[in-house]
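Throughout, read-outs are computed from the coordinates displayed, never taken from laboratory work. Being a predicted model, the structure only gives us computed values, none of them experimental. Note: ideal-geometry Cβ built from the backbone for every residue, glycine included; neighbour counts use all protein chains shown.
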Amino acid sequence: MPYCTGDVHAGNRPDQDSEAGVQQFVGFRNVAAYLERIVPTFTDVGHVLVTGESAGGFGAAFNYDRIADAFPEARVTLLDDSGPPLGFEVAPLCLQQKWSDLWGFDDTIPAGCEDCFPSQGGGIINIGAFIAQKHPDQHLALISSTGDSVIRFFFGFGGNDCTALLPNTPQAAFEAALIDARDNYYNEPAGVWGTFFVDNSEQHTFLSSSLYSAKVGDTPLIDWVSDLIAGQAVHVGP
């Protein structure tokens, strides 16, 4: 799905006034339009891979629930490359509320994820736990470096209560947030989530550039992805 909306494929706010002028934040609507065509076209599909890089990674995770619901008889695997929904330690509530107000999260976050709505004090990290609990027979996975420079900048706008002049999330804080997400949100039911965290790296995205070269310890990324597609999700990394 082309990315032309600037809302991590999660917006439902057409004709929205912003500092840049009138913008069309309709990524969520675009996904719906694709599903209206794709679902009846592939009626006998056995396995659906929902994947994306960077903003597409966020979009894959954000839209996974309704894509899985659209294919109830299929295996639906999530592979989020470098779009990690993380906690308030690096994505503070003020920043998530700004996204929500601009993009319309109250209309697009899965209704059943009561802890996900910034307008109610919740956060997007809970999407990971929600989709695992709702789809316990599926497999979900996240790829990230522990120092992703692009996502650290993206989250950095939340610094100093969303007044940061030089947005940049400290590497140690970003890594700690990834580990917290893995250990406390992407952990149950066991075997549903897998993660591939590349330590001592600031690289952003891997699938299109490093699928055959990236490695964590003795585990090549290509082998980890192959296992995921085959139905085995495991945690690899620090």
Among the GluC sites (Glu not before Pro) within the stretch 1-67, which fall in a DSSP loop and have no more than 16 other Cβ atoms within 10 Å of their own Cβ? E19
Dividing the convex hull volume of the alpha carbon atoms of the chain by its residue count, what do you get in Å³ per residue? 120 Å³
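Considering only DSSP states other than H, G, I, E and B, which chymotrypsin sites (Phe, Trp or Tyr not before Pro) in the stretch 118-182 qualify as loop sites with at most 10 other Cβ atoms within 10 Å? List each step's numbers first, then the result.
Values: sites: F130, F153, F154, F155, F157, F174; in loops: F157.
Those that pass, being in a loop and sparsely packed, number zero.
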Tail fraction, Cα-Cα pairs, the stretch 115-159, threshold 12 Å, whole percent: 72 percent
Rounding to the nearest 20 debye, state how big the charge dipole of the chain is about its Cα centre with +1 on each Lys and Arg Cβ and -1 on each Asp and Glu Cβ. 280 debye
Unpartnered cysteines of the chain (Cβ-Cβ under 4.7 Å counts as a partner)? C4
Just to confirm a number: summing +1 for Lys and Arg and -1 for Asp and Glu over residues other than P170 whose beta-carbon lies under 15 angstrom from that of P170, what do you get? -4
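For S209 and A33 in the same chain, what is the full-extension length gain: residue separation times 0.36 nm, less their Cα-Cα distance, in nm? Please report the intermediate quantities before stating the final value.
Numbers: separation 176, 0.36 × 176 = 63.36 nm, distance 2.91 nm.
Gain on stretching S209 to A33: 60.4 nm.
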Net length gained if the chain between T43 and N187 were fully extended (0.36 nm per residue, minus Cα distance): 48.6 nm
Added length on full extension, which subtracts the Cα-Cα distance from 0.36 nm per residue, L165 to Q232: 19.8 nm
Ignoring everything except DSSP H segments at least 4 long, calculate the 222 nm mean residue ellipticity for the chain; use -39,500 (n - 2.57) per segment, divide by total residues, nearest 500. -11500 deg cm²/dmol
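Compute the Cα gyration tensor for the stretch 1-103, then decide on rounded, prolate or oblate, letting a ≥ b ≥ c be the square roots of its eigenvalues: rounded whenever a/c is under 1.5, prolate when a/b is larger than b/c in the other cases, and oblate in all that remain. Mind dumping the intermediate values first?
Numbers: a/c = 2.64, a/b = 1.52, b/c = 1.73.
Because a/c hits 1.5 or more and a/b fails to exceed b/c, the stretch 1-103 counts as oblate.
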From zero up to wherever the largest Cα-Cα distance of the stretch 85-161 sits, split into 10 Å bins and tell me the percent of pairs in each. 18, 46, 33, 4, 0
Take the Cα atoms of the stretch 119-218, find their three principal axes, and give me the spread along each one in whole Å, biggest first. 44, 41, 21
